[in-house]
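Scroll down for the structure; my scribbles are underneath it.
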Amino acid sequence: MAVRLAGVDLRYGKTLALDEITLELPAGRIIGVIGPDGVGKSTLLSLIAGARALQDGRLEVLGGDLADPRHRTAICPRVAFMPQGLGRNLYATLSVVENLEFFARLFGQAKAERDCRIDDLLGSTGLLKFRDRPVGKLSGGMKQKLGLCCALIHDPDLLILDEPTTGVDPLSRVQFWELIDRIRASREGMSVVVATAYMEEAAAFDLLVAMNAGQVLAVGTAQEFRDRTGTHGLEEAFIALLPEEQRRGHRIVTIPPRPADSAGDVVIEARGLTVRFGDFTAVDHVNFRIERGEIFGFLGSNGCGKTTTMKMLTGLLSASEGEAWLFGKRVTAVDVEMRLRVGYMSQAFSLYSELTVAQNLKLFAQLFRVPAAEVPGRVTEMVERFDLTGVIDAMPDGLPVGVRQRLSLAVAMVHKPEVLMLDEPTSGVDPIARDMFWRMMVDLSRQDEVTIFISTHFMNEAERCDRISLMHAGRVLVCDTPAGVTASRGEKTLEAAFIAYLEDAGGSESTSAAAPAAAEAPEVKQAPVWHGFSARRMWSYALREVLELRRDPIRGTLALLGTVILMFIMGYGISLDVNNLRFAVLDRDDTVLSRDYTLNLAGSPYFAEQAPIIDYADLDHRMQNGDLTLAIELPPNFGRDVERGMPISIGTWIDGSMPQRGETIQSYVQGMHAAWLLDTALHRLGSRLSLSPMDVEIRFRYNPDVVSVVAMVPAMIPILLLMIPAMLAALSVVREKELGSIVNLYVTPVTRSEFLIGKQIPYVMLGMVNFVLLTILATTVFGVPLTGSLAMLAIAAFTFIVSATAIGLVMSTFMRSQIAAIFGTTVGTLVPAIQYAGLINPVSSLEGVGAGIGRILPTTYFLTIARGTFSKALGFAELWPSLVPIAASVVVLMTLCIFLLKKQEK
Amino acid sequence: MRMANIARLGVKELRSLASDPIMLVLVLYVFSLDIYMAATVMPETLHNAPIAIIDEDGSPLSSRIAGAFYPPRFQLPATVTPAQADRGLDEGTYTFVLDIPPNFQSDLLASRRPGVQLNVDATRMTQAFTGSGYIQSMVGQEVTTFLRHDVPNDVVPVDLALRASFNPSLTQAWFGAVMQVINNVTMLSIILTGAALIREREHGTIEHLLVMPVVPIEIMTAKIWSMGLVVLVGCCCSLIFMVQGVLGIPIEGSVPLFLVGAALDIFATTALGIFLGTIARSMQQFGIIMILVLIPLQVLSGGTTPRDSMPEIVQSLMTIAPTTHFVNLAQGILYRGAGFDIVWPEFLTLFAIGAAFFGVTLWYFRKAMNSMT
């Protein structure tokens, strides 16, 4: 037995996804899991693969309990998992061969073994020609083949495929299964578990598991199913197996012929439609005319230009050449009136996941200008028509795919458009839901004369269309009725005709010519997988991250150039020097002596004199609008009283809205005042006023001229080395979560620490480059000499960058969305770094919670080291105590990261 | 442009934010706890200043001088050896070290004008300046009083009556709290609009809007009003409940007038956020670009250090930043009690900047939308 489940339950919150599953899957067979959407197929497969944690029940895989972590680690290299979705666990910016190398390293393969296996796999799948093409530019079929290669790189004993051919064109599908057969032939004993929505595929499997509502309906061969239900096809057999209530709604789809008189009125027309992206021609002179009420099917391999054509018809994309016409008018991007007459449903269901079903419908009705009075009625009508009554207050994300797709259609229909454009609306939808969907289509077309333009990969759907058009590599190969297309090739089925057309057109990008290579695959011994910390697996992630960084040069450049620019702005900009203070005098005396007092202030570089103050109102006004930061009032008879030695008082007002500056001004004014007094006493009055009996000699150390640059430039290095690496690292993990490739962590032998450290390395390296740039800038452009130990500074910078990236990783593992990670990182680094780390005020003088934060921030200690090495001529001997907290923070943060990161989905 | 569409799309944005608990917690945090911490952390310039004394005299006078330093302005002085003092300065343990030489008291009494030496860590500029002046006068005072046998100093002939307007005791918390509110307003406006736009783009929902009878200006305006409203309400609550309530900071001028100014600033910064969200290709790029914009906006707008002392070029560059004008008018209204008659030029400038940002962003946004595939 390859897999044995006993009483397995699984819940998402309150929903029961798997209900008491007890099942045995034999080894060495190919086993299909079939059933409608949302019945728990994917959940079951991810449980078996170990990607999801077991909640309840017992699950044995390859002869051991999967709940036992040791067993799980041990069998991990023997299991391969390909998740649902086209290339979901692949990395779009990496090339084919880079993706394969990534997975090979995860399984600890050395270069020789890796190259040998990769060549072999690429050869047998026909992907060799595309080895250097980025995955994002592959067609869906090729992506799935590559996904399979990645899964097979380590010779698994159990291969788990979750809907591997959904959304893949028929030719690629055929090739995919041929490939699986060849591999099974060469690797006896390998078990394959497949979930699929295509019943014709499932019919060829050794054993089938039919599921419904989290339960197993039946287990057996396709023949047994048919015999048991007395039906001919597997699809009918499956429907017959369903409980009565679910079956009730199901009727065979029949297409009434189009009324003969409807011909002539052309609604959609493409005339030589062409679009180019750079050198690549996505759509190449496409022509067609579609009449009112027609159902027009659009078929073709993935990436052949179907979606692009639709976008041009809706005005989302402008054509490079040619014209698209709707309702006898040329389509332009800004034609709002035209949009009111078109309904569009894109491949990704464009529903607002944060709104309920009813709210979605209402919003779309309003946006499409359904009169306010009709909105509630229209929403009710749609809810009834599309059978959404039960889910009216549910959130779309929690609904099964089939229901979501009905909702999408309802949303596209809410304004009663004359034309419906549907881009693969039934991908990933189960047969029953698909039939229901088609009954609605037929209804719309025949009853309401809605023109329907639909793209699909399902041949039985294509057969239901009035006319179909077959597209390949941007060109329309044929455009006729389904029967006409079949007849034109002399084939029995539309599928066969379709494949024939594609093969002629060179669509067999991956001809089986290379197949023999697979049969004689050189026997490479799988190296035993090391379960401890593996540098190779870590490198695998590090290299991948480096490659992604290289494919996105803007990000790397911004990170490097940005820090340099910031250093410039901040180094010059943040100035703690208080000078050029605007002051003015209200001189009520206006004698030589009073003018002398003013001159004394105006002569200093700290103060800049403004026009004299006229009266108190003027003084108030100018202080209020911030014109003056200092106002001085010299009283009447100032000169006379000073000469007579009579006590007088000079009034000064300082703008206290910036307290720090206020205090500095205070001490300046006091100093200037005292100096003036002394000077006046000596030169004018000839007597010595109370001269101090002693001297206080002040030595400004480390920064004798007390200039900001010396204080600020070394301090900017820690701030910049914190922000940029932390932000870079902050998106690294959460991005994989959002895009789905995190599953590679769950199902490959890579450990959490390898994963995290691997991701960290490139950003630490980038940070070190930043550090070198900043240090050079500080010493050359800013002329702040590095008086202390460069080695010490470098060691500290390295430790600090590791710590900074670890902060980013903590955010990244904790948060669930990228936006929250960005927000959290900004709040968590920018504010504390500027305010609590001692940039402006020393940490020892801080107060309250902030002071506590300041003391544990690594930035605080690196700031001490940066200032110490730059300005204070210090080295390791003096500064090592500051290094300890930084190193400690690395340990704490990384431990926290590992703790927060789960090796299985919960 | 249809107002109804703008209103509905905006409500959708609000619902979307409301359904994300982590974001709500973060928004709440930046307008409450973060403000509180920022307000209370800021010391008086001379607060808890770490000082050490090298007492080589060991006389009654030297201990009298040492006794003059006590909290809150200074930490209780540590008595250290010269070697320890150097180390302490190097490590940043002390900002000031006062060295009283041997025979200080006897030299003083013999009118030999002895000198004490004050070592200052000048990399800590804020304390260095005010502190050294302060210590100088304290030592002078102690010495004078000692010489006059504990009779306080007599009256200086020309007195300097120093008054700090608007914040008589120069309390730092007043400044810190409001400036933090302003910083967070900027940060939130940019993140909420920019990152949300990228998320919609990555998830493909924005594309769907474009097949509907909705034009880019409606999408953009909806985002601006809804996210702007969130920030404005946060700012208002923060000012009333946190700044005035919990922190008890008196606000001189009119809060509504300030909020009008804040609304103008938010108009400009949310437009900026959308601009950044439009030019960034991915969330990863947005993260970096945002930092590059946010740091200068926060540090150079005059909210952290005074603008007057910045180099000319930085000052002129920063006049196009909305935050500069917002900081200016916020200080005017909240601290100096300035009325509309005084701050109207800033209002006008802010509005002009906002309109310009909006225009440029709209142009880019339209272009990006039309070429989106």
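None of the figures in this text is laboratory data; all of them are computed from the coordinates on show. Every value quoted in this text rests on a predicted model; they were computed, and no experiment measured them. Cβ atoms come from the backbone with ideal geometry, glycine included; neighbour counts cover every protein chain shown.
Quick notes on this structure:
- For the residues B:Thr278, B:Thr126, B:Thr319, a GNM of chain B with alpha-carbon springs under 10 Å puts the largest fluctuation on B:Thr126.
- Acute angle (nearest 10 degrees) that the helix A:170-186 long axis makes with the longest principal axis of chain A, alpha-carbon atoms: 90
- Remark on segment A:581-685: Rg and Dmax equal 13.5, 40 Å (Cα only).
- Ellipticity at 222 nm from helices only: DSSP H runs of n ≥ 4 in chain A, each -39500 (n - 2.57), divided by the residue count, give -14500 deg cm²/dmol.
- Reachable aspartates and glutamates, given that their alpha-carbon falls under 15 Å from the alpha-carbon of A:Lys492 and they are not under 8 places away in the same chain: A:Glu463
- Inter-centroid distance (Cα atoms) of segment A:158-231 relative to segment B:312-350, Å: 69
- In Hz, Karplus ³J(HN,Hα) per residue of segment B:310-315 (6.51, -1.76, 1.60; θ = phi - 60°; x = Gly, Pro): 7, x, 3, 5, 5, 4
- As a length-normalised measure over Cα pairs under 8 Å and 6 or more apart, the relative contact order of chain B settles at 19 percent.
- Lysines whose Cα lies under 18 Å from that of A:Lys903, excluding same-chain neighbours fewer than 8 positions away: A:Lys737, A:Lys759
- Once backbone amide H atoms are built at 1.01 Å from N, B:Ile54 has B:Val80, B:Leu98, B:Asp99, B:Ile100 as its partners under 5 Å, excluding neighbours fewer than 5 places away on the same chain.
- Each label was represented as a point 7 Å from its Cα along the Cα-to-Cβ direction; for A:Thr493 and A:Leu790 these points are 7.2 nm apart.
- Computed E for A:Ala240/A:Arg699 - FRET, C-beta separation, R0 56 angstrom, nearest 0.05: 0.05
- Cross-link reach list, lysines versus B:Lys367, counting only Cα pairs under 22 Å and skipping chain neighbours closer than eight places: A:Lys311, B:Lys223
- DSSP loop trypsin sites (Lys or Arg not before Pro) with at most 16 other Cβ within 10 Å excluded, longest remaining stretch of chain B: B:149-280
- For A:Tyr12 and A:Asp65, the FRET efficiency from 1/(1 + (r/R0)^6), where r spans their Cβ atoms and R0 equals 22 Å, is about 0.40.
- Distance between the modelled labels on A:Asn580 and A:Ala608, one decimal in nanometres: 0.4 nm (7 Å Cα→Cβ projection).
- Span-like helix check, chain B: qualifying full DSSP H segments, with Cα axial length of 18 Å or more and mean Kyte-Doolittle of 0.0 or more, are B:3-18, B:125-147, B:172-190, B:216-237, B:255-279, B:283-299, B:340-370.
- Rounded to the nearest whole Hz, the Karplus-based 3J(HN,Hα) values (6.51 cos²θ - 1.76 cosθ + 1.60, θ = phi - 60°) of segment A:482-493 follow the sequence x, 5, x, 5, 4, 5, 4, 9, x, 9, 7, 10, with x at glycine and proline.
- Residue by residue along A:835-843, Cβ atoms of other protein chains within 10 Å of the local Cβ number 6 on average.
- 10 Å Cβ neighbours from other chains, averaged over peptide B:114-122: 6
- Restriction of the trypsin sites (Lys or Arg not before Pro) in segment A:743-840 to DSSP coil positions whose beta-carbon has at most 16 other beta-carbons within 10 angstrom yields A:Arg816.
- Projected label distance in nm at A:Val891 and A:Asp590, using a 7 Å step from Cα toward the beta-carbon: 7.5
- Averaged over residues, the count of other Cβ atoms within 10 Å places the peptides A:476-489, A:766-779, A:352-365 in the sequence A:352-365, A:766-779, A:476-489, highest first.
- Estimated vicinal HN-Hα couplings, Hz - segment A:191-205 in sequence order (Karplus 6.51, -1.76, 1.60; Gly, Pro = x): 9, 10, 10, 10, 9, 8, 9, 8, 5, 5, 6, 4, 4, 8, 7
- Residues whose placed amide H lies under 5 Å from that of A:Leu317, excluding near-sequence neighbours: A:Met312
- Three semi-axes describe the equivalent ellipsoid of chain A; taken as square roots of 5 times the Cα gyration tensor eigenvalues and ordered largest first, they are 70, 37, 25 Å.
- Amide hydrogen neighbours beyond the local backbone of A:Val283, cut-off 5 Å, H modeled: A:Val275
- Highest mobility in the GNM of chain B, judged by mean-square fluctuation with C-alpha springs under 10 Å and restricted to B:Thr205, B:Thr40, B:Thr349, is found for B:Thr205.
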